[in-house]
Amino acid sequence: MLFCSLAIGLKLARLPDGATWKSLYGVAILCGIGFTMSLFIGGLAFEGLGTAKLFDERVGILVGTLCSGIVGMAVLHHSLPKKQHTP
């Protein structure tokens, strides 16, 4: 989000048509899913090191992923325009 804001502020980039700062923020929150899942995969790769708190680490990562998904979805739900249903 920070680097996107800098690039847009310095006129190196622009928001896509129809995008708002709120929707950009929602997508940035959803990026937390990828970050926490990379921590999860890294934890699996180094599982043999004998870490005693491996279960706590995995639960924390999965809770972080769940929170990122829920909060990101909520922000996008409130920031994106609502479609009108025509019968």
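The values are calculated or read from the model by the stated rules, or taken from the named source; none is laboratory data. Predicted model only: the values in this text are computed from it and were never measured. Neighbour counts run over all protein chains shown; Cβ positions are idealised from the backbone, glycine included. Accessible surface is based on the protein model in full, side chains and every heavy atom, while ligands, DNA and RNA are left aside. Shrake-Rupley method; radii C 1.70, N 1.55, O 1.52, S 1.80 Å.
Of all residue pairs spaced 6 or more apart or on separate chains, those with beta-carbon atoms under 8 Å, a first member in the stretch 1-29 that is farther than 23 Å from residue 67 by Cβ and free of Cβ contacts under 8 Å to residues at least 12 places away in the same chain and a second member that is open to solvent by 90 Å² or more (accessible area, probe 1.4 Å) and among the basic types (Lys, Arg) are 8/14.
For the subset of the stretch 11-50 comprising residues that are open to solvent by 100 Å² or more (accessible area, probe 1.4 Å), aliphatic (A, V, I, L, M) and not in a loop (DSSP other than H, G, I, E, B), which member is farthest from residue 82 (Cα to Cα)? Write out each step before concluding.
As a first pass, look at the stretch 11-50 and keep what is open to solvent by 100 Å² or more (accessible area, probe 1.4 Å): 11-12, 14, 17, 21-22, 25, 35, 41, 46, 49.
With the extra rule that they be aliphatic (A, V, I, L, M), the set shrinks to 12, 41, 49.
Next, only the ones that are not in a loop (DSSP other than H, G, I, E, B) stay: 41, 49.
Details: 41: 36, 49: 50 Å.
Checking each candidate, the answer is 49.
Residue pairs whose Cβ atoms lie under 9 Å apart, separated by 6 or more positions or on different chains, with the first residue in the stretch 62-75 and over 13 Å from residue 36 (Cβ atoms) and the second open to solvent by 80 Å² or more (accessible area, probe 1.4 Å) and part of a helix (DSSP H, G or I), are 75/22; 75/25.
Could you check, for the stretch 63-72, whether at least one of its residues is modelled with pLDDT under 85, aliphatic (A, V, I, L, M), open to solvent by 90 Å² or more (accessible area, probe 1.4 Å) and part of a helix (DSSP H, G or I)? Looking through the stretch 63-72, none of the residues is modelled with pLDDT under 85, aliphatic (A, V, I, L, M), open to solvent by 90 Å² or more (accessible area, probe 1.4 Å) and part of a helix (DSSP H, G or I).
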